[in-house]
Amino acid sequence: MRRQATLNNEPQIFLLLVQMGAGTPTLPFGASERNPMSTMSLVKQQAAQSRLRALKQRLQHGDLLFRALVMLGALCILLLVIAIGYELWANSPLPREKFGWGFLTSREWNPVRQEFGAFPFIFGTLQTALMALLFALPISLGIAIFLAELAPLWLRQPLGFVIELLAAVPSVVYGLWGLFVYVPVFVRPTAQLFNSTLGFLPLFEGPVYGPSRLAAALILTIMILPTISAVSRDVLLAIPQSQREAALALGATRWEMIWQVLIPYGLSGLLGASILGLGRALGETMAVTMVIGNNLDLSSSLLHPGYTMASIIANEFAEATYELYIQSLIQIALVLFAVTLILNFLARLLVWRVARRVPTEVRA
Amino acid sequence: MMIPNLAHYRRRKIINAIMLFLCGVAAFLAVVPLVWILLYVLQEGGQYLSLQFFTELPTPVGVPGGGVLNAIVGSAIVVGTACVFSIPIALVAAMYAAANPDKPLGIALRFATDVLSGVPSIVTGIFAYTIIVLPQKQFSAFAGGVALAIIMTPIVLRTTEEMLKLVPRYLREGSLALGASEWKTMLQVTMPAALNGIVTGIMLGIARAAGEAAPMIFTAFGNPFFSTNLDQPIATLPHMVYVYAISPYKDWHAKAWTTALVLVVLVLGLNIIARVVTTWQLKRMGWR
């Protein structure tokens, strides 16, 4: 009775072993039929052995090691992001102890009196970046619409590439060109025009300077155009064709189709694109440092020189002489890092929302 | 039957024409600054371009001649260091990202890559400063390399990831079905198939890193003399442009333009080659 049961069980165990990839186990001489009690234990032993062999094989093929290595690489990238945040935090304790949150709101930046407040830089950064976004948004949207909807097919690739090249020009070259060409030739006359027509607003108060926040905003405009237009174009291209066809079939003109159907459909993606552009503008350093005039001017006028968070670091970091000074600058970098982290998160979330609805992948 | 409101139709058609026209204008408006910059850099930089410029060291203010040999060599060393650190990690992480886009770590990796590419270069510089310059108490080419490595990594990673994803499934499956292990499949089938794209990514990364001046200010720092030492400050092309540009001297301004010309040719050249290679690769894989 017992023997019967063992025999009946054996094919299942065989099957199990075969499934585990061990092949048919060869029972050792005289094991199975004659001694049913030890058959079970032998089979178990063999199963263990073949499992070991399978493990060895996997290790020998190197796949386990390979997977571990690849995962390690992925973890390295994650750790790098965390390490950047941690290092900036760990290397700037002094200003936090001395000024606390007041660091962000204090208007005083005086290395001689050891007073440090980041407000002028935060203000300058926000002002220039938001103005740049304001200028760049309609132009980029126009570019995106042209590239995605209007341009003849043969033109789309080359024109898209030329606009991408705009993003490839090094920041310092923008700065050089801005300093010697763009500011005197274009920005100054524009500033004078603003001042003479809108001078009653505090935003456009005189006197007019060459290097100014307006110069920074106008050069940032050019620099964030490619970012916003590339992402917006991808968002528009991700919208299903049926939406366009439906709008046109209802009698809409092409512009009505774009304005009343495509743009609302891709709104969150377009918003994401703008936030990405804003993020780029906030962190841009060299070009801004070279044209903004680097002055602790506290007026709100766009036509006056100013400072941004990035430009104060670029300008003073190498010359900062004592701990508190250096750490205050590192603290500004930390603020900049935190802001870009939040903005990136928001932007990706918004862009993904459009991309998720449709199969095409959109990624900035 | 209702009589169509002709004035209304006409207005809609006019608005349509105007707005579409404005979109086209916007697209060509974007080309203007690029052409303007390139022409100016060519015109101003071309005047002083000579063989000397590539083979001589910088001269002090007012002394004619001189070149940027130290900055060219310095840029090569710093970018080379960056490549050594960033390329292996970026490639390996890209393999993970391409193979596991839906796992939690894959999603986290994607987000981390996106964040890294959005971190301002100056913040990267400060990070390199805190981990290398502070402990060593010395500006060094090595610190510059680390800063640039962080800037390069997301670019290489992303391009490689996209290219690995483009490799047709059946190539991979064929290899696995023949009994090849995963890593062999990756190294001998998938990677060679995506090789052009990966090289493109590396070129784009190098182009971006080579143009970064902001992190150099407090990592590589700059050096008026010839140096190949990783532990010492070193000159780089973009930093040289910055130093020359903000100086008050006319002849240094001229040198800034010439250095910028070298830099622009290098960076845009890499970008254009990368683009050509990508198009070629996409065609080979049956896209477009």
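Any residue that is surrounded by 17 or more Cβ atoms within 10 Å (Cβ to Cβ) and touching a residue at least 40 places away in the same chain (Cβ under 8 Å) - is there at least one of those in the range B:105-115? Within the range B:105-115, one or more residues are surrounded by 17 or more Cβ atoms within 10 Å (Cβ to Cβ) and touching a residue at least 40 places away in the same chain (Cβ under 8 Å).
Could you please find all residues in the range A:284-303 being part of a loop (DSSP other than H, G, I, E, B), of a type in the set (Ser, Thr, Tyr) and within 11 Å of chain B (Cβ to nearest Cβ)? Matches in the range A:284-303: A:285 only. Inspect all residues belonging to the range A:262-283 and state whether any of them is open to solvent by 20 Å² or more (accessible area, probe 1.4 Å) and in a loop (DSSP other than H, G, I, E, B). No, the range A:262-283 contains no residue that is open to solvent by 20 Å² or more (accessible area, probe 1.4 Å) and in a loop (DSSP other than H, G, I, E, B). The residues of the range A:69-96 that are part of a helix (DSSP H, G or I) and more than 20 Å from residue B:153 (Cα to Cα), listed by number, are A:89, A:90, A:93, A:94, A:95, A:96. Scanning the range A:314-364 for residues that are in a loop (DSSP other than H, G, I, E, B) and either surrounded by fewer than 19 Cβ atoms within 10 Å (Cβ to Cβ) or at pLDDT 90 or above (or both) yields a total of 8.
For the range B:218-234, the set of residues classified as in contact (Cβ under 8 Å) with a residue 24 or more places away in the chain and either in contact with a Ser or Thr (Cβ under 7 Å, 6 or more places away or on another chain) or within 11 Å of another protein chain (Cβ to nearest Cβ) (or both) consists of B:218, B:219, B:220, B:221, B:230, B:231, B:232, B:233, B:234, listed by residue number. A single member of B:189, B:199 is surrounded by fewer than 24 Cβ atoms within 10 Å (Cβ to Cβ), of a type outside the set (D, E, K, R), more than 23 Å from the chain's Cα centre (by Cα) and part of a helix (DSSP H, G or I), and it is B:189.
Let's see how each residue does on (1) open to solvent by less than 40 Å² (accessible area, probe 1.4 Å); (2) more than 9 Å from chain B (Cβ to nearest Cβ); (3) out of contact with any Cys (no Cβ under 7 Å at 6 or more places or on another chain):
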residue	(1), (2), (3)
A:111	yes, yes, yes
A:120	yes, yes, yes
A:150	yes, no, no
A:153	no, yes, yes
A:164	no, no, yes
A:175	yes, no, yes
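Can you find a residue that is crowded, with 24+ Cβ neighbours inside 10 Å and either at the interface with chain A (Cβ under 9 Å from one of its Cβ atoms) or of a type outside the set (Lys, Arg) (or both) anywhere in the range B:165-179? No: zero hits. Restricting the range B:26-72 to residues that are β-branched (Val, Ile, Thr) and away from chain A (no Cβ under 14 Å), the residue that is nearest to residue A:159 (Cα to Cα) is B:72. On the given criteria, is residue B:123 surrounded by 24 or more Cβ atoms within 10 Å (Cβ to Cβ) and free of Cβ contacts under 8 Å to residues at least 24 places away in the same chain? Judged against the criteria, residue B:123 is a match. Regarding residue A:197, is this residue free of Cβ contacts under 8 Å to residues at least 12 places away in the same chain and in contact with a Lys or Arg (Cβ under 6 Å, 6 or more places away or on another chain)? Here the answer is no, as residue A:197 does not meet what is asked.
The values are calculated or read from the model by the stated rules, or taken from the named source; none is laboratory data. It should be emphasised that the depicted structure is a prediction, and the values quoted were computed from it without experimental measurement. So basically every Cβ, Gly included, is an ideal-geometry build from the backbone, and we count neighbours across all protein chains shown. Just the protein is used for accessible areas: all its heavy atoms, side chains included, with ligands, DNA and RNA removed. Shrake-Rupley method; radii C 1.70, N 1.55, O 1.52, S 1.80 Å.
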